[in-house]
Structure formats: C-alpha cells, structure tokens
Ligand SMILES: Cc1ncc(COP(=O)(O)O)c(C=O)c1O
C-alpha cells in the first residue's frame, strides 16, 4: 500500500496548530454574508468600495494615501521601480532572503532591470553597520519586518530608528515589506502609524495574519501612490473589479486586527513547548510575532513518518510540509491564528509527550 504523505495526514487532522482554518471557499462566503448585493462593484481602481478601504488603511498606517493591489509581489516591485526612477539609479538594497530575491522569479531584475545589493548574511537580520558599509549608493532600502525566512526575527526599535535616520540623511528611500506588519505590533508596542512613519513607502498583506483571500495595500505620499496606480495598470493589476479581495480583506481586517496580541502570546507559549523537546528548537527562541520556525535534529523523512503517526493518534496537525536543511535536519514554519486556541489543552499536552518520546 502507498504510504500516506504528510500533507494527506495533515488534511485529515481534526485540529491544526497554524493558521485560521482551511483556505476554502467558505472564507469568501463568510466575508460576503452581510454584504448588500446591490452595492456597486469597483471599476478599474475607482468606486466607493475600493476608495473607502484605501482611505481606511492609509489612515491606519498614518500615510497620506494607499492603493489596493492584487498581490504584494506586484506592489513591491512597483514601489522599488518608482524610487529607482525618481533617483535615476537602478539599485536597491535588501536582505538576501527577501521575498523579492527568492520567491519572485527575479521579477525585479527581469521586468525592471533593477540590481539588488544583498545586505547581511542569510542567517541574521540587517544591522546598522550593514547599511553604513553598503559601499554603493542605492535608491531604496527595503526592510522586511519580520524577516520571515529566519523565523520572523525582528530588529529592536532603536535600530529601526537609526536606519531610518541614516536613510533620510543619505537620500535613500526606505520601504517596508510589512507582509506581517499587523502581526508585529504587539512586539514593538507601537501603533502601525508610528512604525510606518520611519518609512517612505509601506506594503501590507491581507491574507497572512489577517486571513483574507489575497490582496495588498501600498501606501505612501500621494505623488508616490498616484505613480503606483500607473504601474499597476502597466502590470495588468488594475483588474476591472477587485471587490472579492477588498471585501474579504476589510472583513477579516476588522475581525482579526485586535487578535494579534493573542496570536503572539500563543506563539510564545507554543514555542516554549517545542523548546522543551530534545533535538527540537525554535528560531527565534522566543517568537517576536505570531510566527516562528521549528528546527528538528532529524532527517526529513524520519520526521515526516513520526509526524504522520502523531497526527493519526492525536488528531492534531503541526505542519503540512517540512523543509530539509541538511541530511540530518529539517524545519517547518508555524503561524498562529484562530486555530491554536481551539485545540483542547490535554490533547496538546499529549502531542508534546509523544514528540518528546
Ligand atoms: C515577506 C513577504 N513579502 C511579500 C510577499 C508577497 O505577497 P503576495 O503573495 O501577495 O505577492 C510575501 C508573501 O508570502 C511575503 O511573505
């Protein structure tokens, strides 16, 4: 008989540690439940439905203006393009594990001919010295908060302030990849507007901690966002109607924004459980948001069969996939949402007893 895959076993679990639940059509149906069907749809970036949401998020981020995009990938390439054009310099700087560098098929280089300078090494955050010793002039520095590929680590707020001041003094635009900005507010104990005031442009996502279907906002001053609308059109991102994404973004934003502290506290509790197991550790040791990575001193295949057995016995799914780091080790990513607190504590304890064994 064919062996069950980790993904199959995960899908059959009653409870899942990560996320808000299954990403099925119900997510959209729920968001539409109380929406008046007579409401007019948005049309090529115009109309009440899109404009009101843009204004609401701009205000929340403390920015003059905001534009709704179908994806963060599109929004951020455009942001960097605008800053490069403004300075007449096709160079930007970001972390070597930035989303643009490793998940976008080189869109920035192929579509915009922009050269990235990679700061810091892969295992750590960008620090002030990296910025000061960059060696080359750049039009824009992009900071990703939290740095997802190293477990969602965060620099301290003083570092952010120093980098921001340095960039302003050196006429380098500072862009925030805030795919998980809402999720880090409890760590910094700052408002989104306070954090965003350090940056010239900001991107936020509505399908990560917020749990919508897809969608992003790019915010900044009005000259910048007006220019971004032109690029959105050029990229084919100016869909005739984006309302399914806007309505769900708005719905889940209202529903989950105030839960970020809960997710953060749950993440710290759960990371502590993992760290009590021999051969298992989290990165960072204490999470800085709702997300963290779990590293296992065990070959990927062995861990997968162990996890499948645990899922079948406890009905709790930890992860649907594991990534190899060496022949003897692997890791997975955890992002806490609404699902974690539903899991009965006794069942969770049983899961960790099994994991320890
Ligand atoms: C840090 C970061 N930046 C940007 C993106 C791009 O977002 P989108 O999937 O909307 O293109 C992601 C998506 O996972 C991300 O994690």
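Worth pointing out:
- Hits in the range 204-253 (condition: free of Cβ contacts under 8 Å to residues at least 60 places away in the same chain, within 11 Å of the ligand (Cβ to nearest atom) and part of a helix (DSSP H, G or I)): none
- Condition check for residue 139: within 21 Å of the chain's Cα centre (by Cα), modelled with pLDDT of 95 or more and assigned by TED's automatic domain parsing to the domain that holds residue 68: no
- Matching residues, the range 172-184, being farther than 14 Å from residue 201 by Cα and away from the ligand (no atom under 16 Å from the Cβ): none
- The range 13-23 - residue that is in a loop (DSSP other than H, G, I, E, B) and modelled with pLDDT of 95 or more and, of those, farthest from residue 309 (Cα to Cα): 20
- Residue match in the range 148-160 (condition: within 16 Å of the ligand (Cβ to nearest atom) and within 22 Å of residue 78 (Cα to Cα)): yes
- Filter result (surrounded by fewer than 19 Cβ atoms within 10 Å (Cβ to Cβ) and closer than 18 Å to residue 297 by Cα) within the range 258-273: 272, 273
- The condition (being at pLDDT 95 or above and surrounded by fewer than 19 Cβ atoms within 10 Å (Cβ to Cβ)) is satisfied by just one residue among 191, 201: 191.
- When 60, 10, 53 are checked against the criterion of being in the same structural domain as residue 263 (by TED's automatic domain parsing), part of a helix (DSSP H, G or I) and touching a residue at least 24 places away in the same chain (Cβ under 8 Å), a single residue qualifies: 10.
- Under the condition of being in contact with a helix residue (DSSP H, G or I) (Cβ under 7 Å, 6 or more places away or on another chain) and surrounded by 15 or more Cβ atoms within 10 Å (Cβ to Cβ), the residues counted in the range 292-313 number 8.
The values are calculated or read from the model by the stated rules, or taken from the named source; none is laboratory data. Here the structure is a predicted model, which is why all the values come from computation and not from measurement. Counting neighbours? That spans all protein chains shown, and the Cβs are built from the backbone with ideal geometry, glycine included.
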